[in-house]
Amino acid sequence: MKTVFITGATAGFGEACAYVFAQNGYRLILNGRRTERLESLKENLEKEYNTSCYLLPFDVQNRGDVLSVINSLPEEWKAIDVLINNAGLALGRDSFNEANIDDWDTMIDTNVKGLLYVSKAVVPFMTARKKGHIINLGSVAAKDIYDKGNVYCASKAAVDAISKAMRIELLPHGIKVTAIHPGAAETEFSLVRFKGDEDTANKIYDGFTPLSAADVAAIIFYTTTLPGHVCINDLVVTCTQQANSIYFNKDGKQG
Ligand SMILES: NC(=O)c1ccc[n+]([C@@H]2O[C@H](COP(=O)([O-])OP(=O)(O)OC[C@H]3O[C@@H](n4cnc5c(N)ncnc54)[C@H](OP(=O)(O)O)[C@@H]3O)[C@@H](O)[C@H]2O)c1
C-alpha cells in the first residue's frame, strides 16, 4: 500500500486530498494543528475506506517539533511515496504601511520555513528508497503579484523557487517534484486571511464560481498517476472566470 503524507489536512485542499488518496488505496500520514479535526478525519477515512491513518499533529513553524516528530515515525511509516506540502495561509491584505509584522512572520514561517523543515525531514526517506514525489502548494500569487498581496505573494514565489531547486537537486535520486499553483478556491483560506470576518471572506467569491477544494485535490492526485518517467513540474490552475491573480470575470456565478 502506498503512503501519502499531507500537511494541513484539517481543512481545504489538504482534507480533500486525504479523501481522494484514501479512495485510491493510499494509507495516510496526516498533519495539522487542530487535533480534534485530525482525529475525526482519521475515524471517517478508516471507516469509509480500507485504509489506515497515522496522525502527526504539529505546527510546521516549529523546527524542533517537525524534525523530531517526523524522525520518530515508526519505520514502516517512513516509506513515504507522496509528500504534499500544503499547510499554508495568507494573513491580512494590507499595504506595507498598514501591515502587521507578526502576520508577515507567520506567513514566511509557515509557507516557506515550514515547507522547508518538513521537506528536510522527509527527503532522506525518499532518497534512501530512490523514489518519491513531492508536491508543493504554491499559488497564482507566485506568478503575478497583486495589490496588497506583498508578503503572501513573496512567500509563494519562494515556494516556486524552492520547487525548482528541489527538482534539480533531487534529479539524481529519481524523485519527482511538482509545484501546483491554484487560483481562487473556496476553502477556509479567506476566513483565515481576514481573521474570522465572514462577510469580507465571502465577498471574495462574489460574482464568479471559484475552484473547490475537490477540484484542486483531483488535479493533485492526477499528477501522481502518471508513468514513472513523466513528471509535471509546474501546474497553474484557475477557475474559468479567473485569468491570473489579477484579472477576473465577475459577471455572475457559473453552473
Ligand atoms: N484557497 C485558495 O484560494 C488558495 C489558492 C492558492 C494557494 N492556496 C494554498 O493552498 C494551501 C492550502 O490552503 P487552503 O485553501 O486549503 O486553506 P485552508 O482551508 O485554510 O487550510 C489550510 C490548512 O493548513 C493548515 N495549517 C496552517 N498553518 C499551519 C501550521 N502552522 N502548521 C500546520 N498546519 C497548518 C491548517 O490546519 P490547522 O489550522 O489545523 O493547523 C489547514 O489544514 C495553502 O498553502 C494556501 O496558501 C490556497
>> Below 8 Å between Cα atoms, with a sequence gap of 6+, how large is the relative contact order for the chain in percent?
In response: 19
>> Using 0.36 nm times the number of residues separating R34 and E76, minus their current alpha carbon distance, what extension gain do you get?
In response: 12.6 nm
> Say a paramagnetic label sat at a point 7 Å from the Cα of T240, along Cα to Cβ; which residues of the stretch 173-187 have their backbone N under 20 Å from it?
Replying inline: 182-186
> Using helices alone, what [θ] at 222 nm do you get for the chain, with -39,500 (n - 2.57) per DSSP H run of 4 or more residues, divided over all residues and rounded to the nearest 500?
Replying inline: -12000 deg cm²/dmol
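How much length is gained if the chain between D65 and E48 is pulled fully straight, taking 0.36 nm per residue apart and subtracting their Cα-Cα distance, in nm to one decimal?
Working: separation 17, 0.36 × 17 = 6.12 nm, distance 3.07 nm.
Residue separation times 0.36 nm, minus the Cα-Cα distance, leaves 3.0 nm.
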> Stretched out fully, how many nm does the piece from K120 to L226 gain, at 0.36 nm a residue minus the Cα gap?
Replying inline: 35.7 nm
> Listed here are the pairs K42/K195; K164/K253; K113/K195; K78/K164; K47/K156; K131/K253; which of them are more than 32 Å apart at the Cα?
Replying inline: K164/K253; K47/K156; K131/K253
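For the stretch 78-137, calculate the relative contact order in percent as a whole number, restricting contacts to Cα pairs under 8 Å that are 6 or more residues apart. Can you show the working numbers first?
Working: 52 pairs, mean separation 37.1, N = 60.
Value for the stretch 78-137: 62 percent.
Enumerate by residue number the chymotrypsin sites (Phe, Trp or Tyr not before Pro) in the stretch 37-135 meeting two conditions: DSSP loop (anything except H, G, I, E, B), and at most 14 other Cβ atoms within 10 Å of the site's Cβ.
Working: sites: Y49, Y54, F58, W77, F96, W104, Y117, F125; in loops: Y49, F58, F96.
Sparse-neighbourhood loop chymotrypsin sites (Phe, Trp or Tyr not before Pro): F96.
Which helices of the chain meet both criteria: a Cα extent of 18 Å or more along the helical axis and a mean Kyte-Doolittle score no lower than -0.5, with helices taken as whole DSSP H segments? Present the calculation step by step, with values, prior to reporting the outcome.
Details: long enough: 35-48 (20 Å, -1.67); 115-129 (21 Å, 1.05); 150-169 (28 Å, 0.26).
Taking the DSSP H segments of the chain (at least 18 Å long, mean hydropathy at least -0.5), we get 115-129, 150-169.
What fraction of the DSSP beta bridges in the chain is antiparallel, stated in percent and rounded to the nearest 5? Intermediate values should be presented prior to the final figure.
Values: 1 of 29 bridges.
Counting DSSP beta bridges with both partners in the chain, the antiparallel share is about 5 percent.
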> Which GluC sites (Glu not before Pro) from the stretch 153-245 combine a DSSP loop assignment with at most 14 other Cβ atoms within 10 Å?
Replying inline: E188
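Just so you know, all these numbers are worked out from the coordinates, no wet-lab data involved. Just so it is clear, the model here is predicted, and its values are computed rather than measured. Reconstructed Cβ throughout: ideal geometry from the backbone, glycine too, with neighbour counts over all protein chains shown.
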